[in-house]
Amino acid sequence: MKALLVLLLTQLCSASLVPEREKDPEYWRRQAQETLRNALRLQRLNQNVAKNLILFLGDGMGVSTVTAARILKGQLQHGQGEESLLEMDKFPFVALAKTYNTNAQVPDSAGTATAYLCGVKANEGTLGVSASVTRDHCNTTKGQEVTSILHWAKEAGKAVGIVTTTRVTHATPSAAYAHSANRDWYSDGEMPPDALEGGCKDIARQLVENIPEIEVILGGGRKYMYPKNVSDVEYPHEEKHRGTRLDGRNLVQAWQKAKPHGKVAEYVWHRRGLLALNFSRVDFLLGESLHPRVPWHQLGALGEPLSCPGVLGQLQWSVILPRVLLPPRGGGGRIDHGHHEGKAKQALHEAVELDRAIGLATRLTSTQDTLSVVTADHSHVFTFGGYTPRGNPIFGLAPMQSDVDRKPFTSILYGNGPGYKIVAGERENVSAVDFAHADYQAQSAVPLRQETHGGEDVAVFARGPMAHLLHGVHEQNYIPHAMAYAACIGSNRGHCNTAARPAMPLLLPFLSLLLLLLC
């Protein structure tokens with residue numbers, strides 16, 4: 001009798017959650033007809049040359065993360081959530097990308113970055129090199145380097161930029177400029193003796209030397225730019241933040257000295273320093289904080305380091321450099337970090353922040369000359385379910401108990417990770433903990449210190465010139481080839497009237513920013 005009463009109450013509550021307009025079949029018919037009209041307009045393909053390229057990379061932003069972030073965004077706006085639209089949802093063309101590495105069914109961020117930036121699939125753990133390179137083996141690298149879409153743009157005389165909420169030397173952004181047999185060789189202090197003796201360069205050194213005229217570089221990881229034991233400018237008494245370089249070089253100084261005579265190259269490490277610049281007089285900008293650890297959406301004070309939202313949030317598009325578009329705000333790089341720690345709340349808020357940056361870019365650019373692409377490098381073993389009713393808080397409980405251990409469970413769960421907890425020989429009772437806390441680690445089926453990536457395809461959203469080239473199911477390495485074709489750079493120039501085209505800026509903001517815990 002009690003079970004029947006609970007069932008009836010659940011059905012009554014579910015019925016009351018249905019918006020009145022959705023009870024009318026005409027609502028759904030009108031919505032479908034409007035969608036159909038929009039789809040029919042897409043038959044007039046946009047085949048313009050893309051003067052601008054924007055790639056938004058949500059690190060670890062699999063399809064389940066996109067869906068959950070959509071619901072969260074709607075609920076933050078006081079809606080039920082499911083009917084909400086992310087900015088990326090409004091992009092007219094959507095594809096799926098196959099993320100596997102050449103030697104891995106479930107990929108890492110280095111091999112995937114090589115694919116979507118360099119157009120070549122690679123082995124896990126390797127950056128900017130072909131699949132002939134074996135991880136950790138420096139002697140397999142020579143002659144196997146592959147170049148990125150950022151390099152192709154520079155060869156065409158374009159302005160380029162990298163913006164990330166992770167280390168600039170992290171796997172996701174570094175495939176744009178580096179070639180390495182190991183994604184963890186941030187400085188020569190992290191490299192084994194045989195790699196140093198073999199002539200391989202660390203990633204931070206390659207940032208300065210490989211493509212010296214990257215106009216904008218913003219991110220974290222400044223300790224890899226300084227000699228070993230040099231105190232950090234912001235945390236002089238903390239040993240863990242001291243420089244790591246064994247060669248004694250100050251790469252920030254090397255970066256500044258490498259710029260052409262008469263050009264102004266500014267280095268900043270803090271929000272105040274960035275906002276104090278006269279951007280009209282800056283030709284090159286390097287901004288590095290420590291490795292960002294606090295999610296952007298939790299930051300905001302004047303004393304914050306460079307990676308906080310306030311840094312980009314108060315900048316206007318196109319003011320840093322006349323030719324480079326810079327996103328004013330956004331997350332991305334920390335989605336991955338949140339998932340690896342089993343902290344879904346942090347991951348999803350980061351995804352919403354990334355979407356805000358996408359929305360701003362959408363409003364401030366034109367589909368006539370700007371190709372924008374949003375994608376992820378890989379997914380995670382993150383899911384949500386449990387027959388939750390319409391409008392159920394995305395971080396809330398499922399409306400049922402387990403029919404095995406008779407305990408409640410949250411809608412959000414992980415296949416593996418640090419959320420696996422046994423209390424008194426049984427699964428932890430989540431009703432006894434604050435599962436809505438930002439640091440709550442959602443329950444997982446298998447105990448691991450760090451949750452793992454997922455192996456399923458990721459979405460690719462596109463709008464602007466030649467966006468229709470991103471359709472169906474593709475290998476992940478196809479993405480930069482399609483973008484290059486749209487912009488008439490790299491090897492894709494046969495269809496272009498190059499004499500009539502103006503210079504085009506390129507933006508590669510890795511808002512995964514990526515958010516990664518170093519996958």
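The values are calculated or read from the model by the stated rules, or taken from the named source; none is laboratory data. None of the values given here were measured: they were computed from a predicted structure. Because the Cβ atoms are built from the backbone with ideal geometry, glycine has one as well, and the counts that use them run over all protein chains shown. Quick note on the areas: whole protein, heavy atoms, side chains included, nothing else; ligands and nucleic acids left out. Shrake-Rupley method; radii C 1.70, N 1.55, O 1.52, S 1.80 Å.
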Just need the relative contact order of the range 370-448 here, percent rounded to a whole number, with Cα pairs under 8 Å and 6+ apart.
-> 28 percent
With the 8 Å Cα cutoff and a minimum separation of six or more residues, the range 100-215 has a relative contact order in percent of 25 percent
Probe 1.4 Å, protein heavy atoms only - accessible area per residue of the range 397-447 in square angstrom = 54 Å²
Qualifying lysines (Cα of each under 19 Å from Cα of K421; at least 8 residues distant if same chain) | K343, K345, K407
Go through the range 187-204 residue by residue and turn each phi into a ³J(HN,Hα) via Karplus (6.51, -1.76, 1.60, θ = phi - 60°); whole Hz please, and just put x for glycine and proline.
-> 10, 5, x, 9, 9, x, x, 5, 6, 5, 5, x, x, 6, 9, 6, 5, 4
In vacuo Debye scattering of the range 457-496, one point per C-alpha: log10 I(q)/I(0) at q = 0.30 Å⁻¹?
-> -1.10
Tabulate in residue order the Karplus-calculated ³J(HN,Hα) for the range 50-56, using 6.51 cos²θ - 1.76 cosθ + 1.60 with θ = phi - 60°, rounded to whole Hz; enter x for Gly and Pro.
-> 7, 7, 10, 10, 10, 10, 9
Taking the Cα centre of the range 225-276 as origin, sum charge times position over the Cβ atoms of Lys and Arg (+1) and Asp and Glu (-1), and report the length of that vector in debye to the nearest 20.
-> 220 debye
Counting only heavy atoms of the protein chains, get the accessible area per residue of the range 6-133 (1.4 Å probe) and round it to a whole Å² value.
-> 49 Å²
What order do you get for 232-244, 365-377, 135-147 when each peptide is scored by the mean count of other beta carbon atoms within 10 Å, highest first?
-> 365-377, 135-147, 232-244
Amide H contacts of G454 (H built 1.01 Å from N, under 5 Å, at least 5 apart or other chain) = S379, H380, V381
Long-range amide H contacts for T164: which residues qualify at under 5 Å (H placed 1.01 Å from N, peptide plane, sequence gap of 5 or more or a different chain)?
-> L218, G219, F510
The rounded separation in angstrom of the Cα centers of the range 208-276 and the range 94-146 is 27 Å
Rounded to whole Hz and in sequence order, give me ³J(HN,Hα) for the range 83-100 from the Karplus expression 6.51 cos²θ - 1.76 cosθ + 1.60, θ = phi - 60°, writing x for Gly and Pro.
-> 7, 5, 10, 6, 4, 5, 4, 7, 5, x, 10, 9, 10, 10, 10, 7, 9, 4
Just flag the trypsin sites (Lys or Arg not before Pro) in the range 446-499 sitting in loop per DSSP whose Cβ has no more than 16 other Cβ atoms within 10 Å.
-> R449, R493
If we count every other residue with Cβ under 15 angstrom of E26's Cβ, Lys/Arg +1 and Asp/Glu -1, where does the sum land?
-> 0
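Leaving out ligands, DNA and RNA, and with a 1.4 Å probe, what % of the accessible surface on the range 397-447 is carbon or sulfur?
Here it works out to 57 percent.
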Summed over the other residues with a beta carbon less than 10 angstrom from that of G111, with K and R at +1 and D and E at -1, the charge totals 0
Please give every one of the lysines within straight-line cross-link reach of K257, meaning a C-alpha to C-alpha distance under 24 Å, and leave out same-chain neighbours fewer than 8 residues apart.
-> K154, K158, K201, K223, K228
With bins of 10 Å, the percent of all Cα-Cα pairs of the range 397-447 per bin from 0 is 25, 63, 12
